[in-house]
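As structure tokens, the structure follows; a few thoughts come after it.
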Amino acid sequence: MRIGELAAIAGVTTRTVRHYHRIGLLPEPERQPNGYREYGLRDAVQLARVRRLTELGLSLEEVRDALADDAGKDLHEILAELDADLARQEEAIRQRRARLAELLRRAEAGGLPAEGPISPELAVIFDDMARICATRPGPEPAMAAKERELLALLDATAGAGHRAWLLGMMRTLSTDENAMARAYEIYARLDELADAAPD
């Protein structure tokens, strides 16, 4: 059979077959006297197997390992690694969807801060800040808003260890009812000092 017939049987394009030849994934048969390659049943079986393995998520390099007679890994080992990788991706997607559901819930309740999206831990602290701010007369101190921006930045960019330390420190602040109120008094004083002369 010709390359177009082979590609059609395996459900791929002739370009794909030529690519597999170039990278050595699929042996290239000798050309016939008329210049055409002649493919047989073995080529169709091999190409169909390559397609099935790539559809499972194996890279072309992993497919090559699975097909090679002297491969360091057998097909079972490669498929087990693929399954473990898919399980990790599935867990990561589950966690992202849970986080997204929480953000959607907050958005529908009108509780997404301007600095968001932020972690659930920081959202609790921002809720505490909003609660204290609502009990104070006048607008929120500018320093409090700057603090939230800085915390949102650190929440998004700090490494796991630094982020845990930061959130632990802020949690301590939010568990003491008077601590956040005192913090707002300091924010207000810092606002007053913003335009003060250096002396």
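The values are calculated or read from the model by the stated rules, or taken from the named source; none is laboratory data. As the structure is a computational prediction, the values presented were derived from the model and not from experiment. Reconstructed Cβ throughout: ideal geometry from the backbone, glycine too, with neighbour counts over all protein chains shown. SASA here: full protein model, heavy atoms, side chains in, ligands and nucleic acids out. Shrake-Rupley method; radii C 1.70, N 1.55, O 1.52, S 1.80 Å.
Charge dipole (Cα centre; +1 on Lys/Arg Cβ, -1 on Asp/Glu Cβ; no other charges) of the stretch 81-140 amounts to roughly 320 debye.
Largest GNM mean-square fluctuation across Asp83, Asp176, Asp127, computed for the chain with C-alpha springs under 10 Å, falls on Asp176.
Kindly state, as a whole number, the per residue volume in cubic angstrom of the convex hull around the alpha carbon atoms of the chain. Don't skip to the answer; put the middle values down first.
Details: hull volume 47.0 nm³, N = 199.
Output value, Cα hull per residue: 236 Å³.
At 7 Å along Cα-to-Cβ for each site, give me the label-to-label distance between Leu150 and Ile9 in nm. Simple spin-label model gives 7.0 nm for this pair.
Please report the net charge: other residues with Cβ closer than 14 Å to the Cβ of Thr172, K and R +1, D and E -1.
Working: positive: Arg171, Arg182; negative: Glu121, Asp128, Asp176, Glu177.
Residues near Thr172 contribute -2 overall.
Expressed in nm to one decimal, what extension gain is obtained for the pair Asn178 and Ala160 from 0.36 nm per residue of sequence separation less their Cα-Cα distance? Before the final figure, lay out each step's value.
Details: separation 18, 0.36 × 18 = 6.48 nm, distance 2.86 nm.
Gain in length upon complete extension: 3.6 nm.
How much of the accessible area of the stretch 155-199, in percent, comes from carbon and sulfur atoms when a 1.4 Å probe is used? Ligands and nucleic acids excluded, carbon and sulfur reach 56 percent.
In the stretch 1-148, what percent of the accessible surface is made up of carbon and sulfur (1.4 Å probe, ligands and nucleic acids excluded)? Intermediate values should be presented prior to the final figure.
Numbers: 5200 of 9790 Å².
Here it works out to 53 percent.
I'd like to check one number: the per residue accessible area of the stretch 45-199, probe 1.4 Å, reported in Å² as a whole number.
Values: 10490 Å² over 155 residues.
Here the residues of the stretch 45-199 average 68 Å² of exposed surface.
Distance between the modelled labels on Glu192 and Arg42, one decimal in nanometres: 9.1 nm (7 Å Cα→Cβ projection).
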